[in-house]
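Report on one structure; see the data block that follows.
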Amino acid sequence: MRHRVAHRKLGRITPHRLALLRNLATALFERERIRTTLMKAKELRPYAEKLITLARREDDRVFARRLVQRDILDKDVVAKLFDSLGARYATRPGGYTRILRLGPRKGDGAEMAIVELLGSEYQPPKKGEKGKKGDAGSKAKSEAKDAPQGKGEAKTPKSKAGKKSKSQAADAEK
């Protein structure tokens, strides 16, 4: 029985394991979604959630920031953790992460998983909506149509004969 055994060793010595967890937590807070092995994900979850709980603190924020900076060495990530992520989970009592199992890895068969922060789920665009780039392009096209033409320019209808097919365009480039 595993009485009073607190964590998985992950096949590493203590300093290496702590460095691994620090790097995984930093990547998780920076990208809000990472892919790793299932055992590493299960070890990362309580580690990251304790750091988010520290970021939620309202009473002694300077001390909490110093405690987090022991583990997260990137100052930009610490700032993001305290400014945006701490505010996002201010009313949530716990459970800030989600682990999604992916199945075995091709090379060695290790169980893979995605660890993500709640609220950072992928939301594909709905039908009928275009991405930001498509909207900007369509706005530019509509503005070009509405723009007044100069004196020398005459409106000419475009004919189908003037357009080339893809195969003709490829032949012309060769």
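Details
- Output for the range 1-40, where each listed residue is within 18 Å of MET112 (Cβ to Cβ) and of a type in the set (Gly, Ala, Ser): GLY11, ALA27
- Selection from the range 8-30 of residues that are polar (S, T, N, Q) and either surrounded by 13 or more Cβ atoms within 10 Å (Cβ to Cβ) or closer than 20 Å to GLN69 by Cβ (or both): ASN23, THR26
- Leading residue by the ranking (modelled with the lowest pLDDT) among those in the range 118-136 that are in a loop (DSSP other than H, G, I, E, B) and exposed (fewer than 10 other Cβ atoms within 10 Å of the Cβ): GLY131
- Between ALA87, ALA79, ALA113, ALA64, the distinction of being crowded, with 18+ Cβ neighbours inside 10 Å, out of contact with any His (no Cβ under 7 Å at 6 or more places or on another chain), over 22 Å from ARG8 (Cα atoms) and of a type in the set (Gly, Ala, Ser) belongs to ALA64 only.
- Number of the exception - GLU43 against (1) more than 20 Å from GLY119 (Cβ to Cβ); (2) surrounded by fewer than 17 Cβ atoms within 10 Å (Cβ to Cβ): (2)
- Matching residues, the range 37-62, being within 21 Å of ASP76 (Cβ to Cβ) and hydroxyl-bearing (Ser, Thr, Tyr): TYR47, THR53
The values are calculated or read from the model by the stated rules, or taken from the named source; none is laboratory data. Here the structure is a predicted model, which is why all the values come from computation and not from measurement. We place every Cβ from the backbone using ideal geometry, glycine too, and count neighbours over all the protein chains shown.
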